[in-house]
Number of protein chains: 2
Amino acid sequence: MFTTTEDIKIKNLKSGSIVTPKGFKTAGVHAGLRYAKKDLGVIYCEVPASCGAVYTQSHFQAAPLKVTQQSIAMEQKLQALIVNSACANACTGEQGMLDAFKMRDLCAEHLGIDNHLVAVSSTGVIGELLQMDKIAEGIKQLQPIQTSEAAEDFQTAILTTDIVMKKACYQLEIDGVTVTFGGAAKGSGMIHPNMATMLAFITTDANIESEHLQTAIGEMTDITFNQITVDGETSTNDTVLVMASGFAENKTLSPNHPEWNKFKSGLHLIFQDLAKQIARDGEGATKLVEVKVHGATTNKDANIIAKKIVGSNLVKTAIYGTDANWGRIIGAIGHSDAEVNPETVDVSIGSIEMLKGSQPVAFSEELAKEYLSQDEIIIEVHLHLGESTGTAWGCDLTYDYVKINASYRT
Amino acid sequence: MFTTTEDIKIKNLKSGSIVTPKGFKTAGVHAGLRYAKKDLGVIYCEVPASCGAVYTQSHFQAAPLKVTQQSIAMEQKLQALIVNSACANACTGEQGMLDAFKMRDLCAEHLGIDNHLVAVSSTGVIGELLQMDKIAEGIKQLQPIQTSEAAEDFQTAILTTDIVMKKACYQLEIDGVTVTFGGAAKGSGMIHPNMATMLAFITTDANIESEHLQTAIGEMTDITFNQITVDGETSTNDTVLVMASGFAENKTLSPNHPEWNKFKSGLHLIFQDLAKQIARDGEGATKLVEVKVHGATTNKDANIIAKKIVGSNLVKTAIYGTDANWGRIIGAIGHSDAEVNPETVDVSIGSIEMLKGSQPVAFSEELAKEYLSQDEIIIEVHLHLGESTGTAWGCDLTYDYVKINASYRT
């Protein structure tokens, strides 16, 4: 399994954003798709950027995702991303496709670039058409610049019912030059009649061909964004998209480059950082839950079990209730498809051992309750089968999750 | 797919129970495993009965399930079932196995039968040992008789936090003689530190060999008990067990018997009836939800999709909130592994059409809200791919689910 090791020096730029990597500008405006909040954003690169993306596995891929795939297919380059919130443009048939193409054309025209250099993204209501007049007016107002205020405008424009903005920025050296990664994301919000959508947009000034960028994106998505769960649902619009300007002027990156793993580590950290922010801000969530599985036969098995535990409603409610209910962790492990020896499982919550060789260990309920009262919970499982590991992130299941999802129209 | 057709005459005996089929007696007592409620029960057959059972797929099968499998393996006959609530005897290692064997021996001795004719079942706390002194004293008090009061004692003894008792009884004619099926079940209750456990015990006076009974049980479980979900969890103790006394004196049943399908229909109905009772009484539930999927390529695909929809937290909260949120149904269909054409899906809630050929249909929100306010909700999906169908049952996700599972210790 790929993990970012301690000896790679990577700097976390707390003040950085999607415009910190060289070559990127952004903007976010209120186009009127919703009452007051900014709802239309753009990322613009000074040159056609190398790019790569992964999309929802849902059978019902929304129109903008199909348009973005067509754009990238043309010459594996993107120079801009246009994104709206409030309407997902999903389950909208032919008109939805026409609207997504139109949105692409209007953005390209406004920025003076070829339309196949524009990616399109939407999040919000399913089954409703885009208000194209408002989109058109909004696009005209977009004036991308390279300031942290503009980055905040963009970060806000992509949110739905997320409580906090999600962004991250990391820097490392490749070929002796500084390479920067910047990212913005949105997580589980819900607008009638909709479901959670996850969007993550990452910029970097690394010099890399799209082909290799795509490989790294796929690999890093599997161990970060694909390992978070808020409520087990997959949206029609989920997208992770990376644009690379090349302005850092490192030697072109590929798996043969001596610092390829360093580049992947940067991508790994920014993906993981954004993924954890999304998990922590899950609907109604009060806690970030991290589950680490050790000693599995394969990384895949370890990841399956980790995600099963973090996705279990019973585990999630127990954590909300600060209840050290290891029986539910066993329950979640038990009904996974992964290889498990039912006689050799250890379970710890924080540093408190609860199960050793599949048998209960006496522990202080008081200390366990104290640990579970924190806002970041780590569950560790050891299967004692092999050397493989996996991690997943999620959140607790609270009254507010039910409230947000049951009563938002009343 | 097997379905019970209209032209098979099967009578639903509302007053019947597990002692209505000829040859069965029962009892339930308070052994003191919990504060006040009855917690130990027995089903006894006047003769060694043909039998069959299916068990949890969890890696962590509890000790009593292993003992029951050993009993049945001896000569494919059972004459008694001993069951306790309050303690699951799961994750209890060697001592747990010794206790389950001891429980079997004590029951066999008390009833004067061979110990391999006794099945053992437990439900309740995981990771704690059985209080064997109380079990031993309790077993001595068990005096199985053939009355509906005794059946109620048994039905109560197996419950954990279930709100209502679950029982059913059906009658049909085979070879011109009356064959009766009786059943008792428990669903999702939770006792520290535990998870939902599903137990279903069915008696019948049909004359049938264990081998063929097992085949029918497997087939009928797949389309009934395996198609219910309360919270997506699988217990370490789930068991469906059928005993057949043969006292109805029909010709021995097998797949070659001209009325084999009629027998299966009886089994189907009593399984489905108990399964729906369990779904309706899911933790915190206020509504029974039934999802029917039509037009799938295979029955397996139809069942997968039906269960995915009924298990979706977002669909479940929407139903609790009487919100006709078909976008969430699409979301659940979308991320299933089953074959789906994203252009041809119809969705109805009750008789209200919401999606036709994957595109929204205008409908009255008011009528939809009215329909969703009922306590039994039917969702229908048509995939327009083939002729196969599937059904699943579940319940809504409510504040009380979170309350029961988060705060029960405080």
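The values are calculated or read from the model by the stated rules, or taken from the named source; none is laboratory data. Predicted model only: the values in this text are computed from it and were never measured. Counting neighbours? That spans all protein chains shown, and the Cβs are built from the backbone with ideal geometry, glycine included. Side chains are part of the model used for accessible areas, which takes the heavy atoms of the whole protein and leaves out ligands, DNA and RNA. Shrake-Rupley method; radii C 1.70, N 1.55, O 1.52, S 1.80 Å.
More than 21 angstrom separation, counting every C-alpha pair in the stretch B:71-180; what % is that? Write out the running numbers ahead of the final one.
Numbers: 2773 of 5995 pairs.
For the stretch B:71-180, the share of Cα pairs beyond 21 Å comes to 46 percent.
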In a Gaussian network model of chain A with springs linking alpha carbons closer than 10 Å, the residue among A:Ala206, A:Ala27, A:Ala318 that fluctuates most is A:Ala318
Using a 1.4 Å probe on heavy atoms of the protein chains only, the accessible area for B:Ser351 in Å², nearest 10, reads 120 Å²
So, over other residues within a Cβ distance under 13 Å of B:Ser351, counting Lys, Arg +1 and Asp, Glu -1, the net charge is -3
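What does the convex hull of the Cα atoms of the stretch A:198-298 come to per residue, in Å³, rounded to a whole number?
On the way: hull volume 13.1 nm³, N = 101.
In the stretch A:198-298, the Cα hull volume divided by residue count equals 129 Å³.
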Cα-based Rg then Dmax for the protein assembly as shown, in Å, read 29.0, 92
Sites removed, the longest contiguous part of chain A containing no DSSP-loop chymotrypsin sites (Phe, Trp or Tyr not before Pro) with at most 15 other Cβ within 10 Å is A:36-410
Rounded to two decimals, the Rg over Rh value of the stretch B:288-406 from Cα coordinates and the Kirkwood Rh reads 0.97
Label model pair A:Glu94, A:Gln57: point-to-point distance (7 angstrom along the Cα→beta-carbon line) in nm is 3.3 nm
Under Stokes-Einstein, chain B at 37 °C and 0.692 mPa s, with its Kirkwood radius over C-alpha pairs, diffuses with a coefficient in µm²/s of 150 µm²/s
Ordered by number, the residues of the stretch B:48-81 with at least 30 Å² less accessible area in the assembly than alone (1.4 Å probe) are B:His59, B:Phe60
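Tell me what chain A gives for mean residue ellipticity at 222 nm when only DSSP H runs of n ≥ 4 count, each as -39,500 (n - 2.57), the sum divided by the residue total, rounded to 500 deg cm²/dmol. Can you show the working numbers first?
Values: 11 runs with 132 residues, N = 410.
-10000 deg cm²/dmol, from helical runs alone.
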For B:Lys251, the aspartates and glutamates lying under 17 Å Cα to Cα, once residues fewer than eight places off in the same chain are dropped, come out as B:Glu173, B:Asp175, B:Asp205, B:Glu209, B:Glu211, B:Glu259
In Å³ per residue, the alpha-carbon convex hull of the stretch A:1-74 encloses 206 Å³
Once accessible area is computed for B alone, A alone and the pair with a 1.4 Å probe, the total buried surface, to the nearest 100 Å², works out to 4900 Å²
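Could you do me a favour and compute the accessible area per residue for chain A, 1.4 Å probe, result in Å²? It would help to have the intermediate numbers written out before the result.
On the way: 14610 Å² over 410 residues.
On a per-residue basis, chain A sits at 36 Å².
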Output row for B:Ala73: copy-to-copy label distances, label 7 Å along Cα→C-beta, ascending, in nanometres, one decimal, is 5.6
If the chain between A:Ile145 and A:Glu365 were fully extended at 0.36 nm per residue, the gain over the current Cα-Cα distance would be 73.8 nm
On the accessible surface of chain A, probed at 1.4 Å with all protein chains in place, carbon and sulfur together account for a percent value of 49 percent
Two pseudo-spin positions, 7 Å from Cα along C-beta at B:Asn12 and at B:Gln69, lie apart in nanometres by 3.6 nm
Here the correct list, in nm and shortest first, of distances from A:Leu13 to the same site in the other copies, label points 7 Å along Cα→Cβ, is 7.8
The relative contact order of the stretch A:11-280, taking Cα pairs under 8 Å that sit 6 or more residues apart, comes to a percentage of 27 percent
